[in-house]
Amino acid sequence: MPHPEGNPMGDDRTPITVVTGCLGAGKTTLINHVLRDPGDRRVAVVVNDVGEMNVDTELIQGETDDVIDLSNGCICCQLQDDLRSTLSRLDDREFDSLLIEASGVSEPIPLARTLLGMDDETPDPTEKYRLDTVVSVVDTVGFDNAFDAETGQLSDQAADGQRPLTDVLVETVEFCDLLLLNKCDAVSDESLDEVAALVRELQPNADMIRTTYSEVPADVILDTGRFDFDDARQSPGWKRALAGGDDGHDREGDHTHADHDHDDHGGHAHDAGESVADRIETVVYERERPFHPERLNAWLDDWDGNLARTKGICWIAGWDDNAMGLNQAGPSVRCGPLGEWSPDERETRLVLIGTDIDEAGVTAELDRCLVEDEEREPALAENGPFPRR
Ligand SMILES: Nc1nc2c(ncn2[C@@H]2O[C@H](COP(=O)(O)OP(=O)(O)OP(=O)(O)O)[C@@H](O)[C@H]2O)c(=O)[nH]1
């Protein structure tokens, strides 16, 4: 079935749907489900696996002959060239939609940039294709565990030997236009509501559908005309909070006041009848004074299980020429130089998203990490704690 409003602006290029999500989330299950009942579309599939053997290709091959295997690397980095040349080789007249299953460790933004021809490499995929939909399949069981300070299961598994899975998990949620909360059969209703509320805070824009065995009709993910790169880049909850967008934040230029979403969440009183969604909070922390590196590092080490996501820039003493990007997703915390800034730009701007955050407490903790008036600013120590990777 074609896109209900026809191709956007008469665009007759072949639509691409990218399926992202962590290892084991249900991406292959989704693709097989769609291939079993694609309507009147012919669908080709590109499957990426980081290992030498692409198991998913074998799992999908039973459903269609049109499976292209890209393995032994990730299409968002090592296999970008292979992806471009594969797409250009394919005869796009043979199919109506192309599904790309990203590996469980693929970062969605570089992959989207490749598909949108934004890296100016040849062959340019946009000659034949348009990126149509980015679906993020969320393993609700894994998500629940990943952000649980007690278990923190995902954090123990190195995704590619370097990046913790929580990073990838959060990125795929933040950069998409459709979310499938999958494995709904395997979590309690309460956990599911909690995951849904947290996912919504991380990603306020994308449509969200609860699924079991990734069961959605094909036309929900194929040729939808949903994708817009700029919208997707601006949609993460932390970006909107920092920009003072429509998230209920009061930002009156008061850089010494941590703020949060009182309107949406009804303040701090957590009585028994309060829903999980009410307990998810976003706090903005802004200061024009540098952090003491050792104290900030100790605070980062002592990850508060209630904080699911912290993102933003920090001014860290000793690193005065560099805006330091802080990126925390569950127990994974990275912080390193993002680029130079001029002296009058220096400030810390952080967004903290989590459940039952004690706003005053976390603000006071962060304030204690700042360099005091009477303290001499620490010089950049050679063996200092930053960058943290
Ligand atoms: N209980 C339950 N299991 C599911 C569901 N969806 C998928 N699974 C199972 O979860 C496992 C992983 O599913 P896949 O579809 O292979 O996951 P994937 O995202 O393709 O995994 P990778 O390719 O390793 O990244 C399989 O055993 C599926 O049968 C679901 O909704 N509920």
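Mind grabbing the accessible area of GLU372 for me, 1.4 Å probe, Å², rounded to tens?
So the heavy atoms of GLU372 present about 80 Å² to solvent.
Over its Cα atoms, what ratio of radius of gyration to 2.2 N^0.38 Å does the stretch 62-150 give?
For the stretch 62-150, the normalised Cα radius of gyration comes out at 1.26.
Under a 1.4 angstrom probe, counting protein chains only, how are ARG42, ARG376, ARG388 ranked by accessible area, largest first?
Ranked list, largest accessible area first: ARG376, ARG42, ARG388.
Under 21 Å Cα-Cα from LYS27, which lysines qualify once same-chain neighbours fewer than 8 residues away are excluded?
Result set, ordered by chain and number: LYS183.
Stokes-Einstein at 20 °C, 1.002 mPa s, Kirkwood radius from Cα pairs: D for the stretch 11-235 in µm² s⁻¹?
Answer from the Stokes-Einstein relation: 123 µm²/s.
Quick one: how many Å² of LEU300 are accessible to a 1.4 Å probe, rounded to 10?
Approximately 10 Å² for this residue.
Hey, any idea what % of the stretch 11-235's accessible area is carbon plus sulfur with a 1.4 Å probe?
Whole-percent figure for carbon plus sulfur exposure: 40.
The values are calculated or read from the model by the stated rules, or taken from the named source; none is laboratory data. Here the structure is a predicted model, which means the values were calculated and not measured. For accessibility, only protein heavy atoms count, side chains too; no ligands or nucleic acids. Shrake-Rupley method; radii C 1.70, N 1.55, O 1.52, S 1.80 Å.
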